[in-house]
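Peer 1: So that we are looking at the same thing, I have put the structure below in structure tokens.
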Amino acid sequence: LRALGTAETLKAFDKLAERVQKKIMRAALRKGARVIEKAIEGKLEAISPGQYGSGELARAGIRVVAVKRSRVRIGFVLLTPPRDELGIDADDPYYYPSIIEFGSQRQPAEPFMRTSIDEQSDAAHAAIADAMRAGLRRGFK
């Protein structure tokens with residue numbers, strides 16, 4: 001596994017078995033994704049519910065979901081709720097989280113995901129680094 005960090009951290013990380021490395025990285029990446037998830041939810045609560053329907057998106061929230069496990073990739077994605085949880089008809093061509101994020105002909109974009117990621121990337125990286133250090137301490141015991 002490749003990881004970014006101080007030389008000391010990387011040296012300690014490389015000494016661990018690969019399965020332990022994956023376990024530490026999975027937990028650390030989840031912590032980083034949770035930081036961004038909370039920021040996105042904060043932005044959703046700030047968006048006026050009347051402006052975008054009933055406020056279902058803020059109530060349903062964003063989910064952190066692990067990508068399908070493989071031997072070469074570990075990661076998490078942030079997902080908006082499916083149509084049925086938001087009360088959107090399956091035949092409706094519009095999916096309003098994307099309209100809020102990217103805008104439409106009549107609605108200007110009000111990006112809540114991209115701005116949250118940009119604003120919280122340093123905090124997410126710090127959370128990942130802290131979780132990796134904590135995992136390394138646990139890995140040696």
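Peer 1: Considering (1) modelled with pLDDT under 85; (2) part of a strand (DSSP E or B), say which one Glu45 fails and leave the rest.
Peer 2: (2)
Peer 1: Hey, another quick one. Pull up segment 73-129, narrow it to residues that are of a type in the set (Ser, Thr, Tyr) and assigned to a loop (DSSP other than H, G, I, E, B), then point me to the one that is most open to solvent (accessible area, probe 1.4 Å).
Peer 2: Among those residues, the one meeting the criterion is Tyr94.
Peer 1: Being of a type in the set (Ser, Thr, Tyr), open to solvent by less than 70 Å² (accessible area, probe 1.4 Å), assigned to a loop (DSSP other than H, G, I, E, B) and at pLDDT below 85 is the requirement here; does Ser70 meet it?
Peer 2: So Ser70 fits the description; yes.
Peer 1: It is to be established whether one or more residues within segment 22-38 are outside any helix (DSSP H, G or I) and either buried (at least 16 other Cβ atoms within 10 Å of the Cβ) or among the hydrophobic types (A, V, I, L, M, F, W, C) (or both).
Peer 2: Taking every residue of segment 22-38 in turn, none turns out to be outside any helix (DSSP H, G or I) and either buried (at least 16 other Cβ atoms within 10 Å of the Cβ) or among the hydrophobic types (A, V, I, L, M, F, W, C) (or both).
The values are calculated or read from the model by the stated rules, or taken from the named source; none is laboratory data. Remember, it's a predicted structure, so these values are computed and weren't measured experimentally. Glycine also receives a Cβ, built like all others from the backbone with ideal geometry; neighbour counts cover every protein chain displayed. In case anyone asks, the SASA skips ligands and DNA or RNA and just uses the protein heavy atoms, side chains included. Shrake-Rupley method; radii C 1.70, N 1.55, O 1.52, S 1.80 Å.
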